[in-house]
Amino acid sequence: MGLTIAQKIIKNHLVCGEMITGNEIGLRIDQTLTQDATGTMAYLQFEAMGIDRVKTELSVAYIDHNTLQAGFENADDHRYIQTVTKKHGIRFSRPGNGICHQVHLERFSKPGKTLIGSDSHTPTAGGIGMLGMGAGGLDVAVAMGGGTYYITMPKMLKVNLVGKLSDYVGAKDVILEVLRQLGVKGGVGAIVEYAGEGVKTLSVPQRATITNMDAELGATSSIFPSDDVTKAFLAAEGRVEDFVELSSDPDAVYDAEYTVDLSKLQPLAACPHSPDNVKPVSALSGMKISQVCIGSCTNSSMQDMLTVAAMLKGKTVHPDVSLSISPGSKQVYTMLAECGALADLINAGARILECACGPCIGMGFSPKSAGVSLRTFNRNFLARSGTADAQVYLVSPETAAASAIAGEFTDPTTLGVAPIIEMPTSFKINDNLIEMPVAAEEMETVTVERGPNIKPIPVGKAPAKDLSCELILKVGDDITTDHIMPAGTKVLPYRSNVPKLSEFCFTVCDKDFPERAKAKGGGVILGGSNYGQGSSREHAALVPLYLGIKAVVAKSFARIHVANLINFGIVPMTLANPDDYEKFSEGDALEIAGFAAAVKGETEALLVNKTNGASAKLCLNLSARQREMLLAGGCLNYTKNQK
């Protein structure tokens, strides 16, 4: 039986375990990346392991999230990352150099290699044929130290692309169609591979847009073949030597297959408040809008920017619309300036933001009250934009530009023939904002600078013999890490200060949760299905640990979040019967007899509601390694014990 592209890469990097779907496997990791919202914790954890130098082929720290410096906190954290990476063998991408996934695609991603990043959109690298996976910062720290990265061997899904995109229909519309078909849970436990004749019609940046947003499917990763298109992109970046051809075997077997006919696609939009709430733009035409944001790691490439510039050239943004544009990298920004496209954007009335995540992570450019905001981003979760009642729609750059001019939702295919975009055959190469670390023999010359905002990392404890506590919070389905640990201008500066950060935990759902958790000494959280979807931010586990959360019970969990819970010593358990969710209410007194024994070796436990006498059977779907980690109180303690 033949292998898929992902299976070939996994086989070449397999450290332990068998490649049987559902089994835990360990992988050797070639590259890592971090961003500053998660990076501070990752490097604090790396330091705590006592390892002098990273052991990966390449590790890069990017500054692209916390770039609004309203106080000293972000600047101090950036200086910490800059000095700690310089000392320990990690490259440092300075503020202004660009968004981690866009820069990594341009300068570092390699077909056939493995990459994990402390950001859920790391599968962006799949656009170039690399196996990229989002992970918690602690997992990234372990990989930097030469440790194995563990995942459950995924299923393999195949998406056949046929035909060719029509004018004004973009790669964003492709992934929105996939989300429409599969939903935000459709990729859980799977790697998505794109195949078919339509693949050849898509550029690497277009492919990367698609693999970037496969994170919204809950997928472990997503990947395209490495072919002549890949080779041409790498040649344009001056690194054709990184090219290797990659394709699946003709007799490769997939667990499920889907088809997207590119020629029949129309512009699509993800409506509030979920990336899979997809409708045709034509069905929304005429809806008044107040804001358009173009950029993010999803749609900020040179191709995206040139498309928007051509559509805006000689026109003026509607007076009722505020338009922001964030180029994805310094490379893109520079080339826009040199070819004149930047002037076209500015003359049309666009507000040019820095090369950073910006509005996508809630760092500025929040919509007006109840405003309709069209964004070329990857997530439209409730309140993520920074405005609680904003109506955020995810659209392509083509739809965004057409709508910005008209002042209302506009189907760009009604505009006639699209302008011809000629991509350069070579890109502007200037890595002057990527700092190299010092040589190993010079490590002691570097002083790691720590500002007063950096606080110690909370460390988990071994589970008690019996669990007896309160159901401190009950939440519904599809709770995201944005619900658990919000981002935005008020919160992101405290990513290295867990005590302060705890004041914001779950406040999107319940503004009183932090104080209640502190007063009660923690407890148990009950969630619905797909608990912890979205961002890889480990703070969504780290902060609940600080607040005393002992366990989370849910109908089902998102992949990265359940790994983060285990990393910090919080026990994740699923309801054997999802209907038992209704037997419990916030404030109920709970008990699990033999809690520690269940974590040690049982696959089931009984959760008793002492308030009403009800009970529910719980499943502990844990590997032997995960059980040992929980019994040690989390990954840091476990790693120290292994020395």
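Hand me the tally of lysine pairs in segment 467-642: alpha carbons under 16 angstrom apart, and the pair either on different chains or 8 or more positions apart.
Close lysine pairs found across segment 467-642: 17.
Placing +1 at every Lys and Arg Cβ and -1 at every Asp and Glu Cβ, with all other atoms neutral, what dipole size does segment 128-222 have around its Cα centre, in debye to the nearest 20?
Around 120 debye, computed over segment 128-222.
Taking Rh as the Kirkwood radius computed over C-alpha pairs, what is the Stokes-Einstein D of segment 1-126 at 25 °C in a medium of viscosity 0.890 mPa s, expressed in µm² per second?
D, rounded to a whole number, is 155 µm²/s.
State the volume of the convex hull built on the alpha-carbon positions of segment 467-642, expressed per residue in Å³ and rounded to an integer.
Convex hull of Cα atoms, per residue: 103 Å³.
With the Cα gyration tensor of segment 5-264 giving a ≥ b ≥ c as the square roots of its eigenvalues, does the rule (a/c under 1.5 for rounded; else a/b larger than b/c for prolate; else oblate) give rounded, prolate or oblate?
prolate
Jot down the per residue volume, in cubic angstrom and as a whole number, of the convex hull over the alpha-carbon atoms of segment 437-512.
Taking the convex hull of the Cα positions in segment 437-512, it is 200 Å³ per residue.
Looking at the chain, identify the longest residue range that excludes and avoids all GluC sites (Glu not before Pro) in DSSP loops having at most 10 other Cβ atoms within 10 Å.
Result for the longest clean stretch: 19-421.
For log10 I(q)/I(0) by the Debye sum over Cα atoms at q = 0.08 Å⁻¹, several values are listed as (1) -0.67; (2) -0.79; (3) -0.54; flag the one computed from this structure.
(3)
Between 0 and 90 degrees, rounded to the nearest ten: what's the tilt of helix 204-213 against the longest Cα principal axis of the chain?
30
Tell me which trypsin sites (Lys or Arg not before Pro) from segment 482-527 have a DSSP coil assignment and no more than 15 other beta carbons within 10 Å of their own.
Counting only loop positions with at most 15 other Cβ atoms within 10 Å, the trypsin sites (Lys or Arg not before Pro) in segment 482-527 are LYS490, LYS511.
So how do 301-311, 149-159 stack up, highest first, on mean other-Cβ count within 10 Å?
301-311, 149-159
FRET efficiency for ARG28 and ASN612, Cβ-Cβ distance as r, R0 = 51 Å, nearest 0.05?
With R0 = 51 Å, the Cβ-Cβ based efficiency is 0.55.
What dipole magnitude, in Debye to the nearest 20, does the chain give about its Cα centre under +1 on Lys/Arg Cβ and -1 on Asp/Glu Cβ?
960
Using Cα positions and a limit of under 22 Å, work out the lysines in reach of LYS11, with same-chain residues fewer than 8 apart set aside.
Counting by Cα, and skipping residues close in sequence, LYS11 has these lysines nearby: LYS55, LYS110, LYS113, LYS155, LYS158.
Give the lysines reachable from LYS288 as a straight Cα distance under 18 Å; neighbours fewer than 8 places away on the same chain don't count.
Output for LYS288: LYS279, LYS368.
Calculate the FRET efficiency for VAL162 and VAL244 from the Cβ-Cβ distance with a Förster distance of 25 Å, rounded to the nearest 0.05.
Between VAL162 and VAL244 the formula returns 0.45.
FYI, it's all coordinate maths here, none of it is from the lab. Here the structure is a predicted model, which is why all the values come from computation and not from measurement. Virtual Cβ from ideal backbone geometry, glycine too; neighbours counted across all protein chains shown.
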